[in-house]
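Colleague: There's a structure below that I have some questions on.
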Amino acid sequence: MESPRKRRYTEEEYSAMEYASEFKHEFVDGQIYPWGHPDMLGMYDVQAMSGASLAHNIIAGNVFGLFQNALRGKGCRTFGSDMRVYVPLTGTYLYPDALVVCGKPEIQQNGKLDLLTNPVVIIEVLSDSTADYDRSGKFMRYRSIESVRDYLLIDSRSLRVELYSRTETGQWTLTEILDAQGAVTLPSLGVTLTVAELYEDVEL
């Protein structure tokens, strides 16, 4: 009998399960993962997931509020972690901690799931369980989306902000900020955020 840990699911099976579930899951390479746990193998019966740390939640809230205020009236919209992103190249469904869309959101539906296909900026807050995956596997998939121009990573364990930006030639450049007095500018939006704002009320 085939082990359920090795079974590959279809996008339709994932969509049906996700719509019926009270928890969030991501879909990668035919496997279903509890959101925030990239090291766990996909299984239908994996439902429990631990909440993010206090620092993670505060940073995610700061990010949403800062982008929402900075982009008001500029034709761009900020979404939180409940908006799924669809990666057409790999047939992957992911939940960023936050994202920005400029212009009209392009939505593709799989069953009853709304899947966003045109994010411009994607933001992930790093934690012990997700940092390596966010920097590698997730970034590899996100950067295959043509509309993505900036990928912002904010560490919840130490003061570290990393910004990956796509150049006009398609290359990605890294800007790393480790200074509490520093700031990060997102070229795609023309928005500058200070490190102090991103980490407001966070005790590291």
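Colleague: Residue by residue through region 162-172, what is 3J(HN,Hα) from phi via Karplus (6.51 cos²θ - 1.76 cosθ + 1.60, θ = phi - 60°)? Round to whole Hz and write x for glycine and proline.
Modeller: Per-residue couplings from phi come out as 10, 10, 9, 10, 7, 7, 5, 8, x, 7, 10 Hz.
Colleague: Another question, if that's okay. Over the chain, what is the relative contact order in percent, taking alpha-carbon pairs closer than 8 angstrom and at least six residues apart?
Modeller: Here the relative contact order equals 17 percent.
Colleague: Which percent of the accessible area of the chain is formed by carbon and sulfur heavy atoms (probe 1.4 angstrom)?
Modeller: 49
Colleague: Considering the dipole of the chain built from charges on the beta carbon (Lys and Arg +1, Asp and Glu -1) around the Cα centre, which of Y33, Y133, Y9 is farthest to its positive end?
Modeller: Y9
Colleague: Exposed loop trypsin sites (Lys or Arg not before Pro) only (DSSP loop, at most 12 other Cβ atoms within 10 Å): please give the longest stretch of the chain free of them, not including the sites.
Modeller: 113-204
Colleague: Among DSSP beta bridges whose residues both lie in region 95-167, state the antiparallel percentage, nearest 5.
Modeller: Just about 65 percent of them are antiparallel.
Colleague: Next question. Identify the GluC sites (Glu not before Pro) of region 114-204 meeting these criteria: DSSP loop state and at most 12 other C-beta atoms within 10 Å of the C-beta.
Modeller: E146, E168, E203
Colleague: Okay, moving on. Add +1 for every Lys or Arg and -1 for every Asp or Glu among the other residues with Cβ under 11 Å from the Cβ of L198, and state the total.
Modeller: Charge balance in the 11 Å sphere: -3.
Colleague: For the residue pair L178 and E12, what label-to-label distance in nm results when each label sits 7 Å from Cα along the Cα-to-beta-carbon direction?
Modeller: In this crude label model, L178 to E12 measures out at 5.2 nm.
Colleague: Per residue, what accessible area does the chain have, given a 1.4 Å probe and all protein chains present, in Å²?
Modeller: 50
Colleague: Taking the alpha-carbon distance from K24 and a cut-off under 18 Å, which aspartates and glutamates remain once sequence neighbours fewer than 8 residues away in the same chain are dropped?
Modeller: E11, E12, E13, D39, D45, D82, D97, D114, E124, D134
The values are calculated or read from the model by the stated rules, or taken from the named source; none is laboratory data. From a predicted model like this one, the values you see are computed outputs, not experimental measurements. Don't worry about glycine lacking a Cβ; one is built from the backbone with ideal geometry, like all the others, and counts go over all protein chains shown. Keep in mind that these areas ignore ligands, DNA and RNA; they rest on the heavy atoms of the full protein, side chains included. Shrake-Rupley method; radii C 1.70, N 1.55, O 1.52, S 1.80 Å.
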